[in-house]
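**Student:** My questions will all concern the structure given below.
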Amino acid sequence: YEIDHIVFSKYVLNDEAYQELLALAQTYGTEILKMDCGDIFTDGEAGLRCIFPDQTYKSDDKNPLSLVLRYEDQEFSGIFTGDISSAEEQYLVEHKKVGSVTFYKAAHHGSRYSNSRDFLMALSPEITTISCGENNRYGHPHQETINRLKEASAEIFDTMEGGQISLEEEKGRITIHSFR
């Protein structure tokens, strides 16, 4: 894949891995963009808004500083959570930064330390996807996470079973395709 842009949080942890990625991006002519909480990319009626992290949230670990993005158009809404944990999910719920969505990309590959009950109930997603490799060393997705997702009434799809997953929305109807 040719990558034109990589988007990070304005508050990304500037560690060795980040510096290596910056060097690779420069080698391939890939532009690095940074989003702050409230920033939005738009394309016609669709928008992708950064809802986390903000300047008040601090961490010495890169996962809690993952971008959380909310996508919205007239018919569809979704949350993309990166590798946040239940602590960041609680922050989002307490600060009223999340609400009901059509689609949820499960946090941290379906980790048991993410995808908390309160967060999932606030989202109440119709569709959830989990990005995880087959036989991964972390055991993602965890059964506790799957149980919480089912309780939140989500239809669940994962890359481990279905391979690449795409969603297509047309006239308010969502079609899910998997490519294995």
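The values are calculated or read from the model by the stated rules, or taken from the named source; none is laboratory data. If you're wondering where the values come from, they're calculated on a predicted model, not measured in any experiment. Reconstructed Cβ throughout: ideal geometry from the backbone, glycine too, with neighbour counts over all protein chains shown. For the accessible areas, the whole protein counts, side chains as well, though only heavy atoms, and no ligand, DNA or RNA atoms are used. Shrake-Rupley method; radii C 1.70, N 1.55, O 1.52, S 1.80 Å.
**Student:** When the residues of the range 103-123 are filtered to those that are of a type outside the set (D, E, K, R) and assigned to a loop (DSSP other than H, G, I, E, B), which remaining residue is surrounded by the most Cβ atoms within 10 Å (Cβ to Cβ)?
**Tutor:** Asn115
**Student:** Tell me yes or no: at least one residue of the range 64-71 is over 23 Å from Lys10 (Cα atoms), touching a residue at least 60 places away in the same chain (Cβ under 8 Å) and not β-branched (Val, Ile, Thr).
**Tutor:** There is no residue in the range 64-71 that is over 23 Å from Lys10 (Cα atoms), touching a residue at least 60 places away in the same chain (Cβ under 8 Å) and not β-branched (Val, Ile, Thr).
**Student:** Can I ask one more? Is it the case, given these coordinates, that Leu22 is touching a residue at least 24 places away in the same chain (Cβ under 8 Å) and more than 13 Å from the chain's Cα centre (by Cα)?
**Tutor:** Here the answer is no, as Leu22 does not meet what is asked.
**Student:** Among the residues of the range 26-66, which ones are part of a loop (DSSP other than H, G, I, E, B), modelled with pLDDT under 95 and not charged (D, E, K, R)?
**Tutor:** Those that are part of a loop (DSSP other than H, G, I, E, B), modelled with pLDDT under 95 and not charged (D, E, K, R): Gly44, Gln55, Thr56, Tyr57, Ser59, Ser66.
**Student:** Please work out which residue is most open to solvent (accessible area, probe 1.4 Å), limiting yourself to the range 1-36 and to residues that are closer than 20 Å to Asp83 by Cβ and among the hydroxyl-bearing types (Ser, Thr, Tyr).
**Tutor:** Going through the qualifying residues, I end up with Tyr11.
**Student:** Hey, can you tell me all the residues within the range 10-25 that are of a type outside the set (Val, Ile, Thr) and not in a helix (DSSP H, G or I)?
**Tutor:** If the condition is that a residue be of a type outside the set (Val, Ile, Thr) and not in a helix (DSSP H, G or I), then Lys10, Tyr11, Leu13, Asn14, Asp15 are the ones that fit.
**Student:** Pick from the range 140-165 the residues that are farther than 13 Å from Gly110 by Cα and not polar (S, T, N, Q): which of them is modelled with the lowest pLDDT?
**Tutor:** It comes out as Ala154.
**Student:** From the list Ser100, Ser66, Ser85, which one is open to solvent by less than 40 Å² (accessible area, probe 1.4 Å) and over 9 Å from the mean Cα position of the chain (by Cα)?
**Tutor:** Of the residues listed, the single one that is open to solvent by less than 40 Å² (accessible area, probe 1.4 Å) and over 9 Å from the mean Cα position of the chain (by Cα) is Ser85.
**Student:** What about Ser116, is it over 18 Å from Cys50 (Cα atoms) and either under 15 Å from the mean Cα position of the chain (by Cα) or at pLDDT below 90 (or both)?
**Tutor:** Yes: the conditions hold for Ser116.
**Student:** Can Glu144 be described as out of contact with any Pro (no Cβ under 7 Å at 6 or more places or on another chain), closer than 23 Å to Ala87 by Cβ, of a type in the set (Asp, Glu) and outside any loop (DSSP other than H, G, I, E, B)?
**Tutor:** Criteria met by Glu144.
**Student:** Kindly list, by first and then second residue, each pair from a residue in the range 25-50 that is closer than 20 Å to Lys96 by Cα to a residue that is in a strand (DSSP E or B) and of a type in the set (Lys, Arg), limited to pairs with Cβ atoms under 8 Å and residues at least 6 apart or on different chains.
**Tutor:** Hits for this filter: Gly38/Arg49; Asp39/Arg49; Ile40/Arg49; Leu48/Arg70; Arg49/Arg70.
**Student:** In the range 141-171, how many are without any contact (Cβ under 8 Å) to a residue 24 or more places away in the chain and open to solvent by 40 Å² or more (accessible area, probe 1.4 Å)?
**Tutor:** Of the residues in that region, 7 qualify.
**Student:** Looking at the range 37-46 only, could you name the residues that are surrounded by 12 or more Cβ atoms within 10 Å (Cβ to Cβ) and not small (Gly, Ala, Ser)?
**Tutor:** Once the filter is applied, which keeps residues that are surrounded by 12 or more Cβ atoms within 10 Å (Cβ to Cβ) and not small (Gly, Ala, Ser), the range 37-46 yields Cys37, Asp39, Ile40, Phe41.
**Student:** Does Tyr138 qualify as being buried (at least 24 other Cβ atoms within 10 Å of the Cβ) and either at negative phi or part of a loop (DSSP other than H, G, I, E, B) (or both)?
**Tutor:** So Tyr138 fails the test.
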